[in-house]
Amino acid sequence: MTAAATSRQRMRSGSRARRALLWVAVHATAVAIGVMFLAPLAFMALTAVMTDRQALTGDLWPRNWEFGNFVDVFSGDMVRWTVNSVVYASLSTVFMLVSSVPAAYALARFRFRGRNAALVVVISAMMLPPQVTMVPLYIVWSRFELTGTLWPLIIPQLFGDAFSIFLLRQFLVTIPREYADAARVDGCGELRTMLRVVLPMAKPALAAVALFQFFYCWNDYFRPLVYADPDHWTLAIGVATFRQAHRVEWNLTMAATLLTILPVLIVFFLAQRVFIQGVTLTGVKG
Amino acid sequence: MAPGSLRVPFTGTRTGTAAARARRRRRLRVLAFLSPWLVGFALFFAYPLAATVYFSFTRYNLFTLEYIGLDNYKYLLHDGEAWTSMRNTLWLIVVLVPLKVLFGLGTAQLMTKVKRGGGLLRSVLYVPYLIPPVSATVAFVFLMNPGTGPFHTITDRLGIPLPDFFNDAPWAKPGLTLLALWAVGDVMIIMLAALLNVPQSLYEAAAIDGAGAWSRFRHITLPTISPVLAFSAVTGVIETLQYFTQPMVAGKVASGRADLPGTQYSPGYPDGSTLTLPQWLYDQGFRQFNMGYACVLALVMFAIAMVFTLFLLRQFRAFAGEEAS
């Protein structure tokens, strides 16, 4: 064997060892980060099934598994908060779709003067902090005597949501024009073309905006805090006050917290791809 | 180019009146599709923005309105809480936002290297982002409390001292930063998509030229994904300007006060360290009903947000006119 061959061989085996080492390093880091990300959820779950006495100790592992805690949580106002959250999130989502889809369609499909200006306005509205316009809007809703309820948050969804319009428009421009043109040649009106031809192709984007809107409302804290009286409190507000209402019962607080997370997790695992695609759609083009 | 002229190739052969009628119909159609949003824009964007400017010159508590000129603006200069909140926001922009972007980039880069269980890892890192912020905050205040929190239990056994995050003024913002890093999911996914978009051929060419891993990252990856980095940083700043839920809930839960009868919470616990501009606006406008002054704070927020939005708009303009062919 020549010297050159052995050195080449040594190099190859050296790079194989290095690659193996890299593989181990990458996967060890991945596991470590994964464990760190799961730890909070795991400790929440473990605390949620402790007795209230044990939850006040430094124990990590429950002595008696009190699954009844998840039932006890509902003894208070939890049912009402859940109903309020569901009503608020579902109505907002339906109203948003009805009003935002045509606007997004127009911005993506029609050529008209001021279209780019309209798009700039949509992006600006999307970026506007909700707190900026809160005072005058509150004053208006108080004139209609709707403060105290969640209607001031639901009704505006009938008039388009900037984020949804933007996201839908980004998707709709990627659908080839030929489909819509063919439908038009066949004598379809613009509304029928949108409903029958374009929207069925935009199902992933529609699902994404609907899910985002639903969970935006489900997670919303600031706006219900401004408007809702205790009868109209949502889960988000309720959970934030839970620990005070229940003194220091961390176990029940964690159980309630987990219950607010559960629907989000279920939907995520059912519709993972929709979420990931939606997030990508908002960011990648920037 | 006249609006719509490309869409009807045979306009020339039609009579003038028919073409005019078609153009009017198209204009009406655009208006019809856009009308809900146009009304919404006027009612929920343009009007309240103008009204905010008007109310900022008044003293208004929902019942009596009094014009007071620039007094609210003068008060802003002496309002220590407003300046505290702006300092806190600046801290978050300088520390939290870059950390989150870097962490998002790091986890995404890791994801591109993971061969086994990549899908699982992606879900695990993404899910905390979906958790309602209120729930995540309540959980973190519990997990990181020194008496009974599991994190302290573990670090105590390992002999590592851990601060009392949400009850100790210098540690409250670092505590919120950890919470924000846990919710890195959206940034991570955007970065991952950007990294996967970098043409593989560039890496191969660089590898042939003998470029090392760092040099490939520095000269190929970074320049290609820099627009996405900028986008994440700017949206991160705009989100930070609106930072409300996490500091508010952390303060409430850690201090043990809430919106129950007999308990009043002034935002910022502990010691003003978590006070942000939107919380102060909420306190002034909706707890103290100094609505005129709250409008001044709103305009400050608006001005800062606008600067960053203009930056984003410049990025978006590149594809504003782009369309499928």
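Listing for the model above:
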| quantity | calculated |
| --- | --- |
| Karplus-derived HN-Hα couplings along segment B:242-253 (A = 6.51, B = -1.76, C = 1.60, θ = phi - 60°), whole Hz, x at Gly and Pro | 9, 4, 9, 4, 4, x, 5, 5, 4, x, 5, 5 |
| Test item: B:121-130 mean partner chain Cβ contacts at 10 Å | 6 |
| Local electrostatic count, A:PRO130, Cβ distance below 10 Å [Lys/Arg +1, Asp/Glu -1] | 0 |
| Charged-residue dipole, Cβ positions (Lys, Arg, Asp, Glu), the protein assembly as shown about Cα centre, Debye nearest 20 | 3020 |
| Packing-based order for B:140-149, A:68-77, B:87-96, using average beta carbon neighbours within 10 Å, highest first | B:140-149, B:87-96, A:68-77 |
| For the protein assembly as shown, calculated [θ]222 nm from helices alone, where every DSSP H run of n ≥ 4 adds -39500 (n - 2.57) | -21500 deg cm²/dmol |
| Hits among lysines - C-alpha to C-alpha of B:LYS100 under 17 Å, sequence gap 8 or more where chains match | B:LYS173 |
| Residue-averaged beta-carbon neighbours from other chains (10 angstrom radius) around A:115-128 | 6 |
| Sites matching trypsin sites (Lys or Arg not before Pro) across segment A:89-169 that sit in DSSP coil, with at most 11 neighbouring C-beta atoms within 10 Å | none |
| Residue order, fewest to most surrounding Cβ atoms within 10 angstrom, among B:HIS219, B:HIS78, A:HIS27, B:HIS152 | B:HIS78, B:HIS219, A:HIS27, B:HIS152 |
| Exposure proxy order (Cβ contacts within 10 Å, fewest to most) of A:ARG63, A:ARG177 | A:ARG63, A:ARG177 |
| Ranked A:THR257, B:THR17, criterion: other C-beta atoms within 10 Å, fewest first | B:THR17, A:THR257 |
| Descending semi-axes in Å of the protein assembly as shown, equivalent ellipsoid built from Cα gyration tensor | 41, 38, 23 |
| Along chain B, longest interval not containing exposed GluC sites (Glu not before Pro), exposed being DSSP loop plus at most 16 other Cβ atoms within 10 Å | B:1-321 |
| Charged-residue dipole, Cβ positions (Lys, Arg, Asp, Glu), chain A about Cα centre, Debye nearest 20 | 1840 |
| Simple Cβ-charge dipole of chain B, Lys/Arg +1 and Asp/Glu -1, about Cα centre, in debye nearest 20 | 1760 |
| Given charges at Cβ of Lys, Arg, Asp, Glu: the protein assembly as shown dipole, positive-most of A:PRO129, B:THR276, B:GLY117 | B:GLY117 |
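We did not get these values from a lab; they are worked out from the coordinates using the rules stated. Keep in mind that this is a model prediction, so the values were computed, not measured. Quick reminder, even Gly has a Cβ in these numbers, built from the backbone with ideal geometry, and neighbours come from all protein chains shown.
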